[in-house]
Structures are given as C-alpha cells and as structure tokens.
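**Student:** Pasting in a structure now, in structure tokens, and then I'll have a few things to ask.
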Amino acid sequence: MTALTWIFTGSIERAITILIVACPCALLLSTPSAVISAIGAGARRGILVKSGLYLEEAGKIDSVIFDKTGTLTSGRMRVKTTRAFGGFDEELMINLAAAAECGSGHPVAAAILDFAAEKGLNGNGCLQVKSLPGLGVKGESDSGNILVGNIRFMDESGVSVPAPVSAEIEELSASGISPVLVSLDNQIIGLLGVEDSVREESPSVVRDLKESGITNVSIVSGDRKEIAESVADKCGIERENVYSGIAPGEKRSIVDRFQKDGKKVCFVGDGVNDAPALAQANAGVAIGSRKNTVAIETSHVVLLGEGLGQILSFIRLGRKTVRTIKINVAFALSFTFILMAMAFLGIVHPAAGALGHQAAVLLVLANSALIPLGMDRWN
C-alpha cells in the first residue's frame, strides 16, 4: 500500500504516513488485552481461568451439565436411617461399614464415619481397602470380606440382593435417600440410607442460567433414577435432562454426545469421577471448595467460592470478553482504514498519523479495561 501510494500520488510524505497508520498495533492488542483484563477481573472475584481460550468458549456456551453430589447438592451427607438384615447386629454392621470406608475421601464415606463416631464406634479391624469409583469400597477385616456400595456394585460383585432388601431400596430411593448396601462374605447384612441436601442457591442458579439463554441444563449422577430426579425437581431441571446411574467413565461420553450434536458444553463438577468429563467439555468448571486436586488440575476453570453463583458470572464474563474482542477488532480495522484513506488523500500527515495510531491503541486498551465494570452485580 505504501508503494502504491507513492506511485499514484508521487508524495513520499503520504507514503510514509500510510506506513505509520497501517501498523496493526491496535488490531494485535484487541484480543490479548481483553483476555488479560477478563482473567484478572475473574481472579479478583474467585474465578480462576487457566487460559483465554476458555473465556472465548464460555461466550459460546449453550448447555450446562451439572454433576449432582457436591455440586448441585451440598456434599455434606448424613446417615438418615439404618437397617440390619438376617439377624445381624446393627452396631456391628455399622462398625464394619465404617471400617471399610476408613480410607475413602468420598462424601458417603465421611457420612458413615461420622455416624459411626456418633454411635461410639471406631471402625477398627480394617486391614485392606480398595475403592472403586462410582461403585463403592471393598475391604478385608478380621470378620471377613466387606463390600460397601450401591446395588450395581453388589450385582457386579456377585452378591445376591434379597427381595426384602430390594423393597427397602425402592422405598428409600422414592423419598430421595441414597441406599448404601453392606455385605459380609457375599451376604447382605445391612443398609444405610444416606441423605444429601440440595444447595440453597441451586434452584436460583438453574433459573438464572435458563433466563440468560442457556438452552439446556442437565444433571448427571451415579445414583438411582428416583434420587437424581428428586434433586432435579428441587432445582428446576426437567426430568428428560436427568442422566442417572452413570458410571464415572460415562460422564465423558455424555459430554461428547452433546458436542457431536453441535452443543457448546460447560461441565460443572467437583470429584475425581468428574475429571474426564471436565477435560472433555468446552469449559470444565471445578468447585474449588472441595479438596479434590484431580478435578481442580483437570478443569479449565476453578471457582474458589463455596456456592454456585459464580457459574453464571463466568459465562457472562466469557460473553463480555467475546463481545469486547469483536468491538476491538471492528474498531481497529475501521479506524486504520479511515486513517489510511485520509493519508492517501493528504488530509493526514505523518505527525497526525502517529497520534491517530496511538489513539487507536489507547482506545482498544481502554475498552478492554472496562470489562470488570458491572461484574459485582452478577454475583
């Protein structure tokens, strides 16, 4: 362009002015300045974004998938009811369950251990424990081989569940209580009903997501259908968007299925079981209040607060970042072409061109610096 200006106008001054104003500094700063401003704004409010790419992805999110336990629910479970079978002593059953759960960090394990402690039981006698994500734990004690977990775990382990026990499971599930089975040497000896409360803010967060333009809000859970649907009903999530009885590895498949349908997915979780889905999602968001380093390391975004309100703030921040980038690019290109046209016509000279070039850079930076404004109203 500089050479053509010299050829057509015969003015070296106009050619030099074109060279000055055509330098794309404002254009080159359009994206990084907006991303840096947004990452800083988010970090100051407890939203840690690991890359600008995920801010841009957040601006396109149309589907949000929540893990259930510890995400939509508080994750602070408690044992609501207990039942021993086959004439087995109930306290011994609770003690054996606590013994098997002694090395697990799962919320269900914490609930059983707390309950045993309240009963004055210390869960001793545990010799060796193996945890199977999404199923339960198995251990070897002086009393024999112990299994503690869901009905799927018992089925896969070859443990027969008698009809009376199945009836108890159905009754508990219908009331939104998670049944945890305890077996000793392949015989069901007890059942613990574990209850988890829905986070206070979960219904309002789901409602706000829908009102903000999120077309699909779903829930995935390894729990039975009745339990997952009970939580969905309390949160305002449609039952057709509930995926229950999901194994840890299947969560990633659900995210992948959404993406193949053209959806931009934000997956929200907090446990080690959620790591594959967090990595697969367009934006994987981990709840940092839970001490799970696997989920935090795998996710793209970490929310440091205790609640879920920052989910919507993150998505809005992404949308504002994308909008700011588009404005910056459009302004930088149009301003540069206007200056080039004025330089070609001799209206702008080198000094004025240099000032105009710097003004464009400053205006782009100023527009990016406006991103944090209004964020406090989102929380």
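The values are calculated or read from the model by the stated rules, or taken from the named source; none is laboratory data. On a predicted model such as this, the values are computed, not experimentally measured, just so you know. Using ideal geometry, Cβ is built from the backbone for each residue, glycine included, and neighbour counts are taken over all protein chains shown. Ligands, DNA and RNA are excluded from the accessible area calculation, which covers all protein heavy atoms including side chains. Shrake-Rupley method; radii C 1.70, N 1.55, O 1.52, S 1.80 Å.
**Student:** Is there any pair linking a residue in region 103-122 that is touching a residue at least 60 places away in the same chain (Cβ under 8 Å) and under 18 Å from Glu140 (Cα atoms) to one that is of a type outside the set (A, V, I, L, M) and buried (at least 18 other Cβ atoms within 10 Å of the Cβ), with Cβ under 7 Å and at least six apart or on different chains, and which?
**Tutor:** Matching pairs, first to second residue: Ile112/Glu101.
**Student:** Which pairs have Cβ atoms under 6 Å, sit 6 or more apart or on different chains, and link a residue in region 38-63 that is surrounded by 21 or more Cβ atoms within 10 Å (Cβ to Cβ) to one that is of a type in the set (Ser, Thr, Tyr)?
**Tutor:** That search, which allows pairs on different chains as well, returns Ala38/Thr321; Leu55/Thr321.
**Student:** Condition first: in a helix (DSSP H, G or I), over 25 Å from Pro179 (Cβ atoms) and open to solvent by less than 40 Å² (accessible area, probe 1.4 Å). Now tell me which residues in region 205-249 satisfy that. Outline the logic, then answer.
**Tutor:** At the first step, the residues of region 205-249 found to be in a helix (DSSP H, G or I) are 205-211, 225-235, 239-241, 248-249.
From what's left, over 25 Å from Pro179 (Cβ atoms): 205-211.
Passing the criteria: Val205, Val206, Leu209.
**Student:** Return the residue satisfying two criteria in turn: it lies in region 22-37 and is within 18 Å of Ser334 (Cα to Cα) and open to solvent by 20 Å² or more (accessible area, probe 1.4 Å), and of such residues it is farthest from the chain's Cα centre (by Cα).
**Tutor:** Going through region 22-37, the residues within 18 Å of Ser334 (Cα to Cα) turn out to be 22-31.
Next, from what is left, pick out any that are open to solvent by 20 Å² or more (accessible area, probe 1.4 Å): 22-25, 27-29, 31.
On the way: Ala22: 43, Cys23: 41, Pro24: 37, Cys25: 36, Leu27: 33, Leu28: 31, Leu29: 30, Thr31: 25 Å.
The qualifying residue farthest from the chain's Cα centre (by Cα) is Ala22.
**Student:** Quick one: count up the residues across region 74-122 that are assigned to a helix (DSSP H, G or I) and not aliphatic (A, V, I, L, M). Steps first, answer last, please.
**Tutor:** We begin by selecting, within region 74-122, every residue assigned to a helix (DSSP H, G or I); these are 90-101, 107-118.
Those left that are additionally not aliphatic (A, V, I, L, M): 90-91, 95, 101, 107, 114-115, 118.
Going through region 74-122 one residue at a time, the tally reaches 8.
**Student:** Only residues that are open to solvent by 10 Å² or more (accessible area, probe 1.4 Å), assigned to a helix (DSSP H, G or I) and at pLDDT 80 or above: list them for region 276-295, please. Break it down into steps so the answer makes sense when it comes.
**Tutor:** Of region 276-295, the ones open to solvent by 10 Å² or more (accessible area, probe 1.4 Å) are 276, 279-280, 282, 288-294.
Imposing the further condition that a residue be assigned to a helix (DSSP H, G or I) reduces the set to 276, 279-280, 293-294.
Matches in region 276-295: Pro276, Ala279, Gln280.
**Student:** Looking only at region 301-338, which residues are within 22 Å of Gln280 (Cβ to Cβ) and not in a helix (DSSP H, G or I)?
**Tutor:** Residues satisfying the conditions are Val301, Val302, Leu303, Leu308.
**Student:** Which residues, taken from region 315-351, are open to solvent by less than 50 Å² (accessible area, probe 1.4 Å) and either modelled with pLDDT under 75 or not aliphatic (A, V, I, L, M) (or both)?
**Tutor:** Listed by number, the residues that qualify are Gly318, Lys320, Thr321, Thr324, Asn328, Thr336, Met340, Ala343, Gly346, Val348, Pro350.
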